[in-house]
Amino acid sequence: MNKNLLFVSVFIIIAAFAVNKATALNPTYNLSAKNFQFLDSAGDGIDAMTFDIVIEHTNLAASGPFEFALGQYYFNVSSAVGVTADYAYFIVPGSTQFTNTNAVPRSPTFVSPDATSPLGASLRVNSNTVLGAGSGPIVSSSFPGTRVCTMKFKKKVGSFPDTTFVMVWRKALPNPFSKIFAYIGTTNTDISNSVPGVSQATVELNSLPVLKNPLNNSISNPTIVDFSWNKVSNAVRYQIQIATDSLFNNIFYTDQYVYDTTITLGSFNYATKYYWKIYSYDVNNISYNSAVWNFKIQEIPALKLKITALVEGMYYPLFNQLSRRDSVKAELRQVVSPYNIIATSNNVLDSLSYSSYFSFPFASPGTYYIVYKHFNSLDTWSKSGGESFNYTDTSTYNFTSSASQAFGNNLKLKGSKYCVISGDVDRDGYIDASDASPIDNDSYISRTGRFLPTDLNGDNFVDADDMNIQDNNRNRGVIQP
């Protein structure tokens, strides 16, 4: 079902059936269906409805106590809600206020299609068992009366269709229709609707709150959110509930005294999913709840960057790959002196794709120099002028395609690709004798191990190959703006 489902209205005709003309002192009553609640049991839209069937004795002074005997309750329903097989319809256990629970009706059914119903379908709540005179419960004369039971009408799979839900009392031929019986003395007597002109009918009109914003299943919402829903005609106030779970066990925020159809709330957590719903309350403090929607707050705002780069010492052109994966760092720096560091990020250089992905949380969009760092290579700056970044896109930068991709052409061609220059062992920004000495010392003792600063070619062994790389790059340094 469309999660923006709108039950435009629920029409309930509440009929009052009167006394038999021949027995003026028979009980009279109002029979009503009220307290409609629409439920979202699965967290994905309205899929159930409950309501009360209530009977009120209206002429106690004239008739004396109303001893209930039998009752059957039938409704015409719009067939637009679907066919019989789509629904389960049952009496909520323990919901009656009758002192004798045998007075509760039995075997409720939903019949759709139903050719006898002017609306195309019907709900049939069939009569209780025979009670016997003296065993019938006494119907209350205090408003609103005695609750016969609470009914539940539920879609078996999915949500109610996006249509107006119309339901009216069925209180006249054709059969079957609603009937009420009372014990008059010891006689089980039909007191249903037998005096023309005395029966009255009223209409109860209720609307569900319908959520508008934030949209269901929306993502990338800001941490300050504008909530809105439709205006409910009979609502005197609203309640908003927000939780971090669909069952609303973990309430993030609630306010039961909202008098407008909008509210702005903040302090939501980044990258977190929330669930929300609205209750509307009428003058009798009866609530009607909306569907449950969810929304997700945006990830921590970050600039994203993909860098393609090769480390000279570890690159083997014959195999077109690096000797291993390695840790690298990227900096974003201002494009004006003194070129302050705005953000840094660490990642891994892939040996096959030469790519690394970096994220810079909370860094503002703008134009920055990219500085690429490897633990035994010269820092390499991006070309003059800097690169543009925004929150929407992942920026890409390729140091391997041309010497001009580095500021001052500070790259070294190896095979057909340009590489960052290896040999800055002591990380002072310059390749000189201070780097040659530790390599020479480690080579002398044949030092082995992983990720040694003096192991320039990444083969886990310090030897003449590493000394050769450093020697060829001697007197090279970082070139920056």
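The values are calculated or read from the model by the stated rules, or taken from the named source; none is laboratory data. All values reported here derive from a predicted model rather than from experimental measurement. No Cβ is skipped: glycine too gets one built from the backbone with ideal geometry, and neighbour counts run over all protein chains shown. Surface areas here come from the heavy atoms of the whole protein model, side chains and all, with no ligands, DNA or RNA. Shrake-Rupley method; radii C 1.70, N 1.55, O 1.52, S 1.80 Å.
Annotations
- Residue in segment 170-191 that is modelled with pLDDT of 90 or more, among the small types (Gly, Ala, Ser) and farther than 21 Å from Val92 by Cα present: yes
- Selection within segment 98-134 - in contact (Cβ under 8 Å) with a residue 60 or more places away in the chain and under 40 Å from the mean Cα position of the chain (by Cα): Val125
- When each of Ala88, Ala69, Ala48 is tested for being in contact with a strand residue (DSSP E or B) (Cβ under 8 Å, 6 or more places away or on another chain), buried (at least 16 other Cβ atoms within 10 Å of the Cβ), within 30 Å of Tyr275 (Cβ to Cβ) and touching a residue at least 24 places away in the same chain (Cβ under 8 Å), the lone residue that passes is Ala48.
- Of Ser327, Ser353, Ser359, all but one fail to be farther than 22 Å from Asn217 by Cα, in a loop (DSSP other than H, G, I, E, B) and among the polar types (S, T, N, Q); the exception is Ser353.
- Of all the residues in segment 97-140, those that are open to solvent by less than 70 Å² (accessible area, probe 1.4 Å), in contact with a Pro (Cβ under 9 Å, 6 or more places away or on another chain), under 20 Å from Glu56 (Cα atoms) and not aliphatic (A, V, I, L, M) number 5.
- Test result for Leu318, open to solvent by 70 Å² or more (accessible area, probe 1.4 Å), part of a loop (DSSP other than H, G, I, E, B) and closer than 21 Å to Phe451 by Cα: no
- Segment 221-269, residues that are among the charged types (D, E, K, R), open to solvent by less than 40 Å² (accessible area, probe 1.4 Å) and free of Cβ contacts under 8 Å to residues at least 24 places away in the same chain: none
- Enumeration of residues in segment 410-428 that are at positive phi and over 51 Å from the mean Cα position of the chain (by Cα): Gly415, Gly423
- Ser364 fulfils the conditions (1) under 21 Å from Gln334 (Cβ atoms); (2) open to solvent by less than 20 Å² (accessible area, probe 1.4 Å) except for a single criterion, (2).
- Of the residues making up segment 326-347, those that are open to solvent by less than 50 Å² (accessible area, probe 1.4 Å) and either in contact with a Pro (Cβ under 7 Å, 6 or more places away or on another chain) or of a type in the set (Val, Ile, Thr) (or both) are Val328, Tyr339.
- Boolean, Tyr339 is at positive phi and more than 33 Å from the chain's Cα centre (by Cα): yes
- The residue pairs whose first member lies in segment 135-158 and is under 19 Å from Ile91 (Cα atoms), whose second member is open to solvent by 40 Å² or more (accessible area, probe 1.4 Å) and of a type in the set (Ser, Thr, Tyr), and whose beta carbons are closer than 7 Å, counting only pairs six or more residues apart or on different chains, are Pro137/Thr99.
- All told, Lys329 falls short of being more than 37 Å from the chain's Cα centre (by Cα), at pLDDT 95 or above and under 27 Å from Met467 (Cα atoms).
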